[in-house]
1. Any idea of the total accessible area buried by the B-A contact, 1.4 Å probe, rounded to 100 Å²?
2. Using the Cβ atoms and a cut-off under 10 Å, what net charge is assigned to the surroundings of B:Ser86, where Lys and Arg are +1 and Asp and Glu are -1?
3. Accessible area drop of at least 40 Å² (1.4 Å probe, protein heavy atoms): which residues of the stretch B:68-104 qualify, relative to the chain alone?
4. Below 30 Å Cα-Cα, how many Lys pairs turn up in the protein assembly as shown? Only count pairs eight or more apart in sequence, or on different chains, if you could.
5. I'd like the accessible area for B:His10, computed on protein heavy atoms only with a 1.4 Å probe and all protein chains in place. Round to 10 Å², please.
6. Apply the Karplus curve 6.51 cos²θ - 1.76 cosθ + 1.60, θ = phi - 60°, to the phi angles in the stretch A:12-29 and return the couplings in whole Hz, x for Gly and Pro.
7. For the protein assembly as shown, what is the charge dipole size about the Cα centre, in debye to the nearest 20, if Lys and Arg each add +1 at the Cβ and Asp and Glu each add -1 at the Cβ?
8. If R0 is 35 Å, what FRET efficiency do you get for B:Glu75 and A:Asp27 from their C-beta distance, rounded to 0.05?
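The values are calculated or read from the model by the stated rules, or taken from the named source; none is laboratory data. Only a predicted model underlies this, so the values are computations on that prediction, with no experimental measurement involved. We place every Cβ from the backbone using ideal geometry, glycine too, and count neighbours over all the protein chains shown. Side chains included, ligands, DNA and RNA excluded: accessible areas come from the protein's heavy atoms. Shrake-Rupley method; radii C 1.70, N 1.55, O 1.52, S 1.80 Å.
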Amino acid sequence: GIQVEQSPPDLILQEGANSTLRCNFSDSVNNLQWFHQNPWGQLINLFYIPSGTKQNGRLSATTVATERYSLLYISSSQTTDSGVYFCAVVLEYGNKLVFGAGTILRVKS
Amino acid sequence: AAGVIQSPRHLIKEKRETATLKCYPIPRHDTVYWYQQGPGQDPQFLISFYEKMQSDKGSIPDRFSAQQFSDYHSELNMSSLELGDSALYFCASSLVGAEQYFGPGTRLTVT
């Protein structure tokens, strides 16, 4: 099956720092989503980005489908950004999301 | 905007008991998905329904069954519960092929 690899697995930042999270996938996909799972377990949609670049406040994401990777940029990080960031993809001809293992982010004040 | 609703939010059961989880998708969404997230793991796909018909199936144990009703709500039934079934269970909904939106999850603890 498809492999979804996220890096780094863990990241500790000082408040105000910037970071880049990466997601590599091994097959062509129809859909790619980024989620933030907060400490209470809720999965919050960040981006639906099968290709191209999108921005939402301090967050932005870029997916290069032909090279099978996506990047999530977090600028001016805040303690509330702490949690786990998941990348998830939907294969061509499929509809289920396949998740990566996640990046655990801790932002220190 | 309306979101996906799941109930109950927390559930404690003993081994060999039965549990029923409910999901109410976002209005007008035609596809419902169930995912299971074990402690420290990523969510894993269980099963999905498109217009009330099962559309895809993942690694769902035979002890689990699910269905989608005429009002589009879905239920996940889990029987002969085992300690390893303790997990966070998410329901998600979408228009077919589009962005999936997740509910808050049901945290199941089996003792």
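1. Details: alone 6170 and 6030 Å², together 10730 Å².
In total, chains B and A hide about 1500 Å² from solvent.
2. Numbers: positive: B:Lys13, B:Arg107; negative: B:Glu82, B:Asp85.
My count for the surroundings of B:Ser86 gives 0.
3. Those residues are B:Glu99, B:Gln100, B:Phe102.
4. So the count works out to 13.
5. Counting only protein heavy atoms, the figure is 130 Å².
6. With the stated coefficients, the stretch A:12-29 comes to 10, 10, 7, 3, x, 7, 9, 8, 10, 10, 10, 9, 10, 9, 9, 9, 5, 10 Hz.
7. Values: 17 positive and 19 negative charges, 79 e Å.
So the dipole magnitude of the protein assembly as shown works out to roughly 380 debye.
8. Details: r = 32 Å, r/R0 = 0.93.
Plugging the Cβ-Cβ distance into 1/(1 + (r/R0)^6) gives 0.60.
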